[in-house]
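Everything on this sheet refers to the single structure shown next.
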Amino acid sequence: MSRQFSKIKESVASWSDIRQLLRGGEQGQLVPVVIPKDRRGFAWMTLVFIAIYCAGMAVLTDATVVAALAAVFFLVVGLIWMWRRAIIEIEEGTTGVHSHWGAITGTLSPGRHYLWLPWDRVDAVVDTSTEIPYSAPIVACPTAENVPLKSIEFFLKFRIVDPVAFVRTIGAGNFDLVLSSAVQDAIRQRSRRVNTERAYDLRGSDVGDMQDALNRQLGRYGVRITGANIPDLQLPDTYQAHLSTREKVAKELSAYEREWELTRKRRIDTLLMEIERSKKTRDARVVEVKAAHNTARKDVARMLEEQATEAQRVRWEIEARGRAELTSAENEAKALRRLAASYRDNRAVLQYELARRRLDVGAKLAENAPQPLVVRTQAGTGDSALSTLLLAQLLPRISAGANGQAPTS
């Protein structure tokens, strides 16, 4: 880390060296302002006086032509010399501060300008486009616990926005002192608000408030801070050793935490795998149960459908049988009605047929009727034993003959 402040100064140089000083500095120091040496003079007046003398010689002597030519020659050379000395070229990115009889009257933009009068001068050439870097290491800067930090390096960039105010008010040499004091004060105020154990947080931290404070302090000098940061800092050796131990413990703790985190993640992953496996098993069983349920529902549905079909078939058979029986009964009733009608219409035929059937039945009954047997006995006498015996023997035979059986002997 750098142990020295950046130095800002102004230099006096010829016009040919201004560019090198503004861009590269001088002996490691920053040179934002260069005071140019005035290269103009009154030497060209000598040639004008010689031209006047030659003109007088041409008038007073006989060497008129030669003296006139010499006068014209010296006059032209003097005028050319004066024209060359009046040219002022301002480098691009810089601004010239113009003065008249020592009073600053304005600025000169980049480009070529002509200063014909000797009392018109360029007091300074100021770099107004480059952001000038400035480094400021602060030593023994105390923290909130009053622990002096070994060093803090503060880096900023500034640009001169008002060259007239900068040259007239402060100048480069005095600005170096003012800027270093303002930077030290800003850094010490910032370090006072930081605990020692959080000191490393200052590296790369936001220093926008410090930049605003510096702009408020340096704005009246025509300077604007364009950027600032704290690139590095160093703690005291003892505290750094203590902090190293704490960092070592913190690293070990972090390693243990990472190891425990890995172990926890492995266990969580194992549990998640088991959970996923259980979920898959459960899902498989659920699928099986659903399949069995669907199969049972299909079987029940098929059985219900079969029963419904059988019931429908039985119902249809019963209905068909009932309809057939009903139709048969209706047909029989119709036939009976028709037969009754025909019987009613043909009563005489029926009566004749009934009478004929009665005759047939009477004839058959007469044919099968038993024949009477008359046993004649003597008149006036009662039944004897002999006649009774004979009658008892003849009656079975007669009965058998009447029934169509052969009489027994």
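The values are calculated or read from the model by the stated rules, or taken from the named source; none is laboratory data. Model, not experiment: these values are computed from the prediction. When we count neighbours, we look across all protein chains shown, and the Cβ atoms used for this are built from the backbone with ideal geometry, even at glycine.
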Q. In the stretch 134-151, how many are free of Cβ contacts under 8 Å to residues at least 24 places away in the same chain and either under 46 Å from the mean Cα position of the chain (by Cα) or outside any strand (DSSP E or B) (or both)?
A. 1
Q | Sole exception among (1) buried (at least 20 other Cβ atoms within 10 Å of the Cβ); (2) farther than 18 Å from Glu91 by Cβ for Pro142, by number | A | (1)
Q.
Contact list please: Cβ distance under 7 Å, first residue in the stretch 105-133 and in contact (Cβ under 8 Å) with a residue 40 or more places away in the chain and surrounded by 11 or more Cβ atoms within 10 Å (Cβ to Cβ), second residue among the small types (Gly, Ala, Ser) and not in a strand (DSSP E or B), pairs at least six apart or on different chains.
A. Leu115/Ala86; Asp127/Gly93; Thr130/Gly93
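Could you tell me whether Phe154 is surrounded by 17 or more Cβ atoms within 10 Å (Cβ to Cβ) and part of a strand (DSSP E or B)?
yes
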Q.
For Ser151, only one of the following conditions fails: (1) of a type in the set (S, T, N, Q); (2) touching a Gly at 6+ places or on another chain (Cβ under 9 Å); (3) assigned by TED's automatic domain parsing to the domain that holds Leu177. What is its number?
A. (2)
Q.
Checking the conditions here, which among Ala301, Ala291 is over 34 Å from the mean Cα position of the chain (by Cα) and at pLDDT 85 or above?
A. Ala291
**Q.** Tally of residues being at pLDDT 75 or above and not acidic (Asp, Glu) across the stretch 74-96
**A.** 6
Q.
Of the residues Glu145, Glu153, only one is of a type in the set (D, E, K, R) and within 26 Å of Gln29 (Cβ to Cβ); which?
A. Glu153
Q: With respect to Leu214, determine if the residue is in contact with a Leu (Cβ under 8 Å, 6 or more places away or on another chain) and modelled with pLDDT of 80 or more.
A: yes
